[in-house]
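What follows is a short report on a single structure.
The values are calculated or read from the model by the stated rules, or taken from the named source; none is laboratory data. Because the structure is predicted, anything quoted here is derived from the model rather than measured. Glycine also receives a Cβ, built like all others from the backbone with ideal geometry; neighbour counts cover every protein chain displayed.
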Amino acid sequence: MIARLLEERGIRATANRILVAGALARSGRPLSLMELEDMIGSVDKSGIFRCLSVFKEKHLVHAIDDSEGTRYELCLSHGPDSDDDTHVHFYCERCHRTFCLENLHIPPVTLPKGYDARTANYVLKGVCPYCNGYSNA
């Protein structure tokens with residue numbers, strides 16, 4: 001499944017790329033480079049970063065900047081040439097995790113003439129349902 005996803009995006013399915021993409025798929029939330037390194041164990045930080053760079057170039061991952069740094073998540077866009085999976089993220093100030101709010105889309109912004117937006121980073125900050133004690137979250 002992961003190898004097919006990589007190939008659909010025009011990415012050669014190497015062992016490291018399969019491991020990194022698989023870890024992102026299993027996580028259910030955006031992960032930092034350090035979290036990926038801890039999860040995978042068998043690939044060093046520079047190897048993971050190289051994979052993420054290729055994934056980002058081919059629109060397979062989003063890079064989200066939150067209060068802790070950059071986190072990465074698999075992108076659900078429809079192809080390697082554009083990113084139509086733009087949604088809101090939530091950063092919890094207690095547990096320091098970032099969550100995807102996939103059903104909340106980033107509102108459209110009309111830019112002045114001459115501006116050409118390539119990406120959008122929309123992060124809300126506060127306390128997540130887990131830290132607020134909602135067991136059904």
(request) Go through segment 122-137 and give me each residue that's exposed (fewer than 13 other Cβ atoms within 10 Å of the Cβ) and assigned to a loop (DSSP other than H, G, I, E, B). (result) Asn132, Gly133, Tyr134, Ser135, Asn136, Ala137
(request) Scan segment 53-75 and give yes if some residue there is part of a strand (DSSP E or B), within 20 Å of Leu5 (Cβ to Cβ) and of a type in the set (Gly, Ala, Ser), otherwise no. (result) yes
(message) Quick check on my filter: what residues within segment 13-29 are assigned to a helix (DSSP H, G or I), over 13 Å from the mean Cα position of the chain (by Cα) and not basic (Lys, Arg)?
(response) Ala15, Asn16, Ile18, Leu19
(request) Filter segment 98-118 down to residues that are in contact with a strand residue (DSSP E or B) (Cβ under 8 Å, 6 or more places away or on another chain) and in a loop (DSSP other than H, G, I, E, B), then give me how many there are. (result) 1
(request) Say whether the condition of being out of contact with any helix residue (DSSP H, G or I) (no Cβ under 8 Å at 6 or more places or on another chain), surrounded by 18 or more Cβ atoms within 10 Å (Cβ to Cβ), touching a residue at least 60 places away in the same chain (Cβ under 8 Å) and not small (Gly, Ala, Ser) is met by at least one residue in segment 25-33. (result) yes
(request) Evaluate segment 2-11: report whether one residue or more is of a type in the set (Lys, Arg), at pLDDT 90 or above, farther than 23 Å from Val123 by Cα and surrounded by fewer than 14 Cβ atoms within 10 Å (Cβ to Cβ). (result) yes
(request) May I ask you to list the residues in segment 72-114 that are at pLDDT 90 or above and among the aromatic types (Phe, Trp, Tyr)? (result) Tyr72, Phe90, Tyr91
